[in-house]
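Rule-based calculations on the coordinates, nothing more; no lab input. Because the structure is predicted, anything quoted here is derived from the model rather than measured. Virtual Cβ from ideal backbone geometry, glycine too; neighbours counted across all protein chains shown.
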Amino acid sequence: MRGGTITMEGKDLIEMLENHVLSTMRKIDECQPNGPGVSNKEIEEAAGLSLNLPYQDGWLTWSILHSLIEKGYVEAIPVKRGKSKRLKYRLKY
């Protein structure tokens, strides 16, 4: 604590956000291992992480999810919608 404010390293903040997303996903039935998964937007809304930006909304949650994929906690399931593929996310275990 410096000058009455709490200082936090960026890595600590990222870890807090990752834990928040994991905790949120554990509360969503479709996000359970072997479940159908849900969209990035659904996780974002459930976690209260929407930044309400017209063009970049969703990137914070997307980045956190992909960090969790790299760490082996979350998996992305490709879902074909028309000619495009979307990703849904669920917990690995």
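Once Lys and Arg get +1 and Asp and Glu get -1 on their Cβ, which of Ile69, Val21, Leu49 lies farthest toward the positive end of the dipole of the chain?
Ile69
Charges only on Cβ, +1 for Lys and Arg, -1 for Asp and Glu: so what's the dipole of the chain about the Cα centre, in debye to the nearest 20?
Value, rounded to 20: 460 debye.
Could you count how many Lys pairs in the chain have their Cα atoms under 18 Å apart, skipping same-chain pairs fewer than 8 positions apart?
10
For the residue pair Ser67 and Ala46, what label-to-label distance in nm results when each label sits 7 Å from Cα along the Cα-to-beta-carbon direction?
It works out to 2.0 nm between the two label points.
Which whole-Hz couplings ³J(HN,Hα) result when phi for each residue of the range 7-18 is put into the Karplus expression 6.51 cos²θ - 1.76 cosθ + 1.60, θ = phi - 60°, listed in order with x for Gly and Pro?
Coupling constants for the range 7-18: 9, 9, 6, x, 4, 5, 5, 4, 4, 4, 5, 4 Hz.
Can you list the residues, at least 5 places off or on another chain, whose amide H is less than 5 Å from the amide H of Val79, using H built in the peptide plane?
Answer set, sorted by chain and number: Arg86, Leu87, Lys88.
For the range 26-33, just list the computed ³J(HN,Hα) in residue order, Karplus coefficients 6.51, -1.76 and 1.60, θ = phi - 60°, integers in Hz, with x standing in for Gly and Pro.
5, 8, 9, 3, 5, 8, 5, x
Hey, what does the equivalent ellipsoid look like for the chain, semi-axes from the Cα gyration tensor as sqrt of 5 times each eigenvalue, largest first, whole Å?
The three semi-axes for the chain are 27, 16, 11 Å.
For the chain, what relative contact order do you get, as a whole percent, if you take Cα pairs closer than 8 Å and at least 6 residues apart?
The value is 31 percent.
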